[in-house]
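The values are calculated or read from the model by the stated rules, or taken from the named source; none is laboratory data. On a predicted model such as this, the values are computed, not experimentally measured, just so you know. Heads up, the Cβs are rebuilt from the backbone with ideal geometry, glycines too, and the neighbour counts pull from every protein chain shown.
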């Protein structure tokens, strides 16, 4: 037995030396390349050199399209290539924002933009609010010692793994006139409801479906946040006689706030960008009851035989600006609460 | 045979194979299917490839709404489209079509057989030959005859009106427990025929699209009323969101009594309905101004950006031959978009009596098509008109706009696109 253990130990040592040898060889090769480079550019500029590949990818695929989009927003006409498009300055923005009464989309030049903006506002408010609340509740429950905790964690996370198109199609089959839900209603003696034909029903379902599809991801983040809170704080609270509600309010919530801010920012960005699930589920209808801004951009720029790239780009720039301001605001509030906590 | 000789022979064969593959031109054809026509086209192309081994044609079959209506215009604008495409927006995208005239062996044959339809495909004032018609279409209603029989209600004949059809199909639906009396494809194109029948003129004195008149108001109000009282299937126009939607599935599933669509559905109905129930096409109902549907059609066009214009022209010349097209129209049950074949007649390959009768009904509708319907079909911006009519009218159904506001918006939408296109 002892002899066998010695053989295993020797083999392990041999493999270890082999791996070390390869590592040293590789590092020497990298050193051969890096040392003259470092001498050439200097120590301080090496950081930029390491960042260069990532910066290049970022510039080509993110920064350049953003700049191009701003340029498109100042041009007009049906031509696709920038050099063929006449410059019109702020005309597209003026068109978007020309309204006699901003509370009534019918008085706006681009009424569908304002309907989409209003719908997006409603969607973001209820979807993000609902998402954070339900995710937090689910995380709190899953953080306790409940039966089959691992199974339930998987169940709540499973919809996140599905493609948004699959999610929308499944729910479409459930909600349509001859769908599963109406079949159940009828079998229980009720009247079928045209869920996707009424504006308020359609919006409610769109919010519900997107919460169902995405809450697993946010639950997971919040669960990680909950598990990082030291148990000693709860023990200390228990000694001081705090109730469950008090320990949630004075221990869990403040310590979870940084994680909550991350969840809030991510959920907000995702909600404003919402397209695929809604597009497949309702197509923005009935009428324009569930038309969101990203779908408006898509339909104006790409979903028509006569695309209006300039107007679509102007909407995109506007949406980006609003999103930037909202994110900065959230981060500022988040930092404020962190400082308060410290 | 020595080993060296065998090696050299093998190498020579491989080189020959490689050389022939390298010399072969690959063309791509963007295609969509209404019925079985893709399969027929593939068989015809297989025969072409057997006779012309230097050309290979790959068919990329895409959905009509997303692939042809939405993606293709962008692919064309960015120069990324295929070499050929089957399209319905023949005039609106004509700047992207290939003029095959310099590559055709006999352009006069094309002018003689496709002349009137070539005008739909070419830019104004041009004599370009961009392609040929895979079908001529006429819009019109289909009815489920079995539901009429079950209800014991006579099918209206002679000069009928849309209002009469709405009334009688409601009675049939009530008597048979059918969910809805009528449905219409979600597009302004299908609505245009009935609107012209009611007196819609579509064009102002300056030749530009002008929408608001009594005829248009009358037809739109009928549509609004039919959606409000449950005559029309709301799943098609209201629940479909923003885009084209067909109502063929509820008709095939006997969930509607009357379906306003067009001749291209005949092949599909013959295949999918079979003998499940009796269906037939009926003449377009009348209004005070006409009894018209809309002409239309689909064509295969060459794309100007192709690297192989001569090869494209060779494929097109093969497909546009009278005997090849006769087989295509005959097997797909499409109305011929070829004047010679229209005159000589097509031997439609079907045992289904309903399909033959329906084709005859649609053929007999051609003389009734109103001049405004032809003018609208040839109008390069007709898709702008159709799309905004569809979307704004849906907003009226759901209460977002009044009919007056919708008509104002339709005109504003058209004017804005024309302004961006530099047409106004």
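For the range A:185-198, indicate whether the set of residues that are in contact with a helix residue (DSSP H, G or I) (Cβ under 8 Å, 6 or more places away or on another chain), at pLDDT below 95 and assigned to a helix (DSSP H, G or I) is non-empty. No.
Here the condition is being within 22 Å of residue A:290 (Cα to Cα), touching a helix residue (DSSP H, G or I) at 6+ places or on another chain (Cβ under 7 Å) and either facing chain B (nearest Cβ under 10 Å) or in contact (Cβ under 8 Å) with a residue 12 or more places away in the chain (or both); of A:82, A:78, A:105, it holds for A:105 alone.
Has the range A:206-227 got any residue that is surrounded by fewer than 11 Cβ atoms within 10 Å (Cβ to Cβ) and either under 21 Å from the mean Cα position of the chain (by Cα) or assigned to a helix (DSSP H, G or I) (or both)? Yes: the range A:206-227 contains one or more residues that are surrounded by fewer than 11 Cβ atoms within 10 Å (Cβ to Cβ) and either under 21 Å from the mean Cα position of the chain (by Cα) or assigned to a helix (DSSP H, G or I) (or both).
Taken as a whole, the structure leaves residue B:394 outside the set of residues that are under 19 Å from residue B:220 (Cβ atoms), more than 19 Å from the chain's Cα centre (by Cα), modelled with pLDDT of 85 or more and loosely packed, with under 15 Cβ neighbours inside 10 Å.
On the basis of being on the phi < 0 side of the Ramachandran plot, within 14 Å of chain A (Cβ to nearest Cβ) and without any contact (Cβ under 8 Å) to a residue 24 or more places away in the chain, does residue B:402 make the cut? In short, yes. Whether a residue is crowded, with 18+ Cβ neighbours inside 10 Å, under 24 Å from residue B:73 (Cα atoms), free of Cβ contacts under 8 Å to residues at least 12 places away in the same chain and within 10 Å of chain A (Cβ to nearest Cβ) was assessed, and residue B:416 passes this test. Here the range A:175-184 is the region considered, the condition is being part of a helix (DSSP H, G or I) and within 14 Å of another protein chain (Cβ to nearest Cβ), and the residue that is nearest to the chain's Cα centre (by Cα) is A:175. Scanning the range B:62-73 finds no residues that are buried (at least 19 other Cβ atoms within 10 Å of the Cβ), under 24 Å from residue B:100 (Cα atoms) and away from chain A (no Cβ under 14 Å). Residue check: residue A:141 meets all listed conditions (1) crowded, with 19+ Cβ neighbours inside 10 Å; (2) under 25 Å from the mean Cα position of the chain (by Cα) but one, namely (1).
Answer with yes or no whether residue B:254 is within 14 Å of chain A (Cβ to nearest Cβ), under 25 Å from the mean Cα position of the chain (by Cα), over 16 Å from residue B:286 (Cα atoms) and at pLDDT 95 or above. In short, yes.
Using the structure shown, decide if residue A:304 is more than 14 Å from every other protein chain (Cβ to nearest Cβ) and over 19 Å from the mean Cα position of the chain (by Cα). Spell out how you get there, then give the answer.
Numbers: more than 14 Å from every other protein chain (Cβ to nearest Cβ): no; over 19 Å from the mean Cα position of the chain (by Cα): yes.
Here the answer is no, as residue A:304 does not meet what is asked.
Working only within the range B:33-72, note down all residues that are in contact with a helix residue (DSSP H, G or I) (Cβ under 7 Å, 6 or more places away or on another chain), within 25 Å of residue B:23 (Cβ to Cβ) and in a strand (DSSP E or B). Correct list: B:55, B:56, B:57, B:59. On the stretch given as the range B:262-279, residues that are closer than 17 Å to residue B:169 by Cβ and surrounded by fewer than 24 Cβ atoms within 10 Å (Cβ to Cβ) total 2. Residue A:211 falls short on exactly one of the conditions (1) within 14 Å of chain B (Cβ to nearest Cβ); (2) modelled with pLDDT of 95 or more, and that condition is (1). Count of the range B:369-386 residues, restricted to those that are more than 23 Å from residue A:308 (Cα to Cα) and surrounded by fewer than 18 Cβ atoms within 10 Å (Cβ to Cβ), is 3. Helices (runs of 4 or more DSSP H) wholly in the range B:149-260 with at least 2 residues that are under 18 Å from residue B:278 (Cα atoms) and assigned by TED's automatic domain parsing to the domain that holds residue B:390 - which ones? Hits in the range B:149-260: B:162-176, B:248-252. Has the range A:48-58 got at least one residue that is within 14 Å of another protein chain (Cβ to nearest Cβ) and surrounded by 13 or more Cβ atoms within 10 Å (Cβ to Cβ)? No, there is no match, as no residue in the range A:48-58 is within 14 Å of another protein chain (Cβ to nearest Cβ) and surrounded by 13 or more Cβ atoms within 10 Å (Cβ to Cβ).
Can you name the condition, by its number, that residue B:79 falls short on among (1) within 14 Å of chain A (Cβ to nearest Cβ); (2) free of Cβ contacts under 8 Å to residues at least 24 places away in the same chain? In the conditions (1) within 14 Å of chain A (Cβ to nearest Cβ); (2) free of Cβ contacts under 8 Å to residues at least 24 places away in the same chain, residue B:79 misses (2) alone.
Yes/no per residue for (1) over 30 Å from residue B:169 (Cβ atoms); (2) in contact with a strand residue (DSSP E or B) (Cβ under 9 Å, 6 or more places away or on another chain); (3) touching a residue at least 60 places away in the same chain (Cβ under 8 Å); (4) not assigned by TED's automatic domain parsing to the domain that holds residue B:265:
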{"site": "B:63", "(1), (2), (3), (4)": "no, no, no, yes"}
{"site": "B:69", "(1), (2), (3), (4)": "no, no, yes, yes"}
{"site": "B:73", "(1), (2), (3), (4)": "yes, no, no, yes"}
{"site": "B:87", "(1), (2), (3), (4)": "yes, yes, yes, yes"}
{"site": "B:99", "(1), (2), (3), (4)": "yes, yes, yes, yes"}
{"site": "B:107", "(1), (2), (3), (4)": "yes, no, no, yes"}
{"site": "B:118", "(1), (2), (3), (4)": "yes, yes, no, yes"}
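When residue B:385 is tested against the conditions (1) part of a helix (DSSP H, G or I); (2) touching a residue at least 24 places away in the same chain (Cβ under 8 Å); (3) not assigned by TED's automatic domain parsing to the domain that holds residue B:203, the lone failure is (3). Is it the case that residue B:143 is surrounded by 15 or more Cβ atoms within 10 Å (Cβ to Cβ), closer than 28 Å to residue B:277 by Cβ, touching a residue at least 24 places away in the same chain (Cβ under 8 Å) and not assigned by TED's automatic domain parsing to the domain that holds residue B:302? Criteria met by residue B:143. For the range B:239-251, a tally of residues being within 9 Å of chain A (Cβ to nearest Cβ) and touching a helix residue (DSSP H, G or I) at 6+ places or on another chain (Cβ under 8 Å) returns 4.
Quick grid of which residues meet (1) assigned to a helix (DSSP H, G or I); (2) more than 30 Å from residue A:312 (Cβ to Cβ):
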position: A:21; (1), (2): yes, yes
position: A:32; (1), (2): yes, yes
position: A:36; (1), (2): yes, yes
position: A:40; (1), (2): yes, yes
position: A:44; (1), (2): no, yes
position: A:47; (1), (2): yes, yes
position: A:58; (1), (2): yes, no
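In the set (1) free of Cβ contacts under 8 Å to residues at least 40 places away in the same chain; (2) more than 12 Å from chain B (Cβ to nearest Cβ); (3) closer than 22 Å to residue A:199 by Cα, the condition left unmet by residue A:127 is number (1).
Of the residues contained in the range B:365-381, one or more are found to be more than 13 Å from chain A (Cβ to nearest Cβ), touching a strand residue (DSSP E or B) at 6+ places or on another chain (Cβ under 8 Å), more than 30 Å from residue B:95 (Cβ to Cβ) and touching a residue at least 40 places away in the same chain (Cβ under 8 Å). Screening residue B:206 with (1) over 19 Å from residue B:258 (Cα atoms); (2) free of Cβ contacts under 8 Å to residues at least 60 places away in the same chain; (3) within 14 Å of another protein chain (Cβ to nearest Cβ) gives one miss only, at (3).
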